[in-house]
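Read the structure below first, then the notes.
The values are calculated or read from the model by the stated rules, or taken from the named source; none is laboratory data. Bear in mind that the values here come from a model prediction, so they are computed numbers and not experimental data. For neighbour counting, all protein chains shown are included, and Cβ atoms are generated from backbone atoms with ideal geometry for every residue, glycine included.
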């Protein structure tokens, strides 16, 4: 009986820790890995290729959940926006999804953080969060 209780307790701890790890909080928004968008969520598709994101300007509404779907047309890239707590690898042939609920208005620059050749430093854009 003690062994069964120990196993159940261990499983509960693992599930709680795993669930908690999916949710990251920052001062300006809530971000978590998204597997599939929830019905009604706004989806913004972002394509990465040497040396640009398309679109490079994204406008979000404060408090509205959104899923960023990132794909690459050529090679591995990264997508990083520190203030909103976003960091994801963008690989060719795959779709990386990030769910975001922005909590503060402002302009937030994003960039590729995986070196992709001459011109890499120009691979950037901006997320504008409005009321």
Using the structure shown, decide if residue 59 is surrounded by fewer than 15 Cβ atoms within 10 Å (Cβ to Cβ) and modelled with pLDDT of 95 or more.
yes
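One line per residue, one yes/no per condition, for (1) in contact with a helix residue (DSSP H, G or I) (Cβ under 6 Å, 6 or more places away or on another chain); (2) surrounded by 19 or more Cβ atoms within 10 Å (Cβ to Cβ); (3) not in a strand (DSSP E or B):
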{"residue": "70", "(1), (2), (3)": "no, yes, no"}
{"residue": "78", "(1), (2), (3)": "no, yes, no"}
{"residue": "98", "(1), (2), (3)": "no, yes, no"}
{"residue": "117", "(1), (2), (3)": "no, no, yes"}
{"residue": "128", "(1), (2), (3)": "no, no, no"}
Filter result (buried (at least 18 other Cβ atoms within 10 Å of the Cβ) and closer than 12 Å to residue 129 by Cα) within region 100-113
100, 102, 108
If you go through region 103-114 one residue at a time, do you hit one that is in a strand (DSSP E or B), within 16 Å of residue 44 (Cβ to Cβ) and in contact (Cβ under 8 Å) with a residue 60 or more places away in the chain?
yes
Being closer than 15 Å to residue 122 by Cα and touching a strand residue (DSSP E or B) at 6+ places or on another chain (Cβ under 6 Å) is the filter here; which residues of region 50-77 pass it?
53, 54, 56, 57, 77
